[in-house]
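Beneath this line is the structure, given in structure tokens, with notes to follow.
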């Protein structure tokens, strides 16, 4: 008698070659790929732009005080409670401006980092 049983079926599978692998931004950064470098460079640029902008504001406000004293003589020679007005402005007026700029810097830098983290984080 002849063998009437058909040959068993064999399924041949292979990985899908045409489908791109899903990579995340975090993996790109960790691998230090060119794409990851672009993302990191954008974060560094945004932080640098923020720092330079606030430095410019600091120079315009606090750094311009000596010029203000030169061009407005009554500020240089004025007195408040026996203390020269120039000293009060330099000693007491600069620190609130510096502290305010520091607070603005920290808040905006954290906002930049949160935006970057939202971009990089899992979706």
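Considering region 60-71, the residues that are under 16 Å from residue 95 (Cβ atoms) and part of a helix (DSSP H, G or I) include one that is modelled with the highest pLDDT, namely 61. Consider region 55-71 and keep the residues that are over 20 Å from residue 100 (Cα atoms) and either under 33 Å from the mean Cα position of the chain (by Cα) or in contact (Cβ under 8 Å) with a residue 24 or more places away in the chain (or both). The one that is surrounded by the most Cβ atoms within 10 Å (Cβ to Cβ) is 66.
Filtering region 98-116 down to residues that are without any contact (Cβ under 8 Å) to a residue 40 or more places away in the chain and surrounded by 12 or more Cβ atoms within 10 Å (Cβ to Cβ), which residue is nearest to residue 75 (Cα to Cα)?
The selected residue is 100.
Among the residues of region 72-97, those that are out of contact with any helix residue (DSSP H, G or I) (no Cβ under 7 Å at 6 or more places or on another chain), surrounded by 10 or more Cβ atoms within 10 Å (Cβ to Cβ) and assigned to a helix (DSSP H, G or I) comprise 77, 87, 88, 91, 92, 93, 94, 95. Answer yes or no as to whether residue 52 is under 36 Å from the mean Cα position of the chain (by Cα), closer than 24 Å to residue 101 by Cβ and assigned to a helix (DSSP H, G or I). Answer is yes for this residue.
The values are calculated or read from the model by the stated rules, or taken from the named source; none is laboratory data. Because the structure is predicted, anything quoted here is derived from the model rather than measured. Positions of Cβ are backbone-derived with ideal geometry, glycine not excepted, and every protein chain shown enters the neighbour counts.
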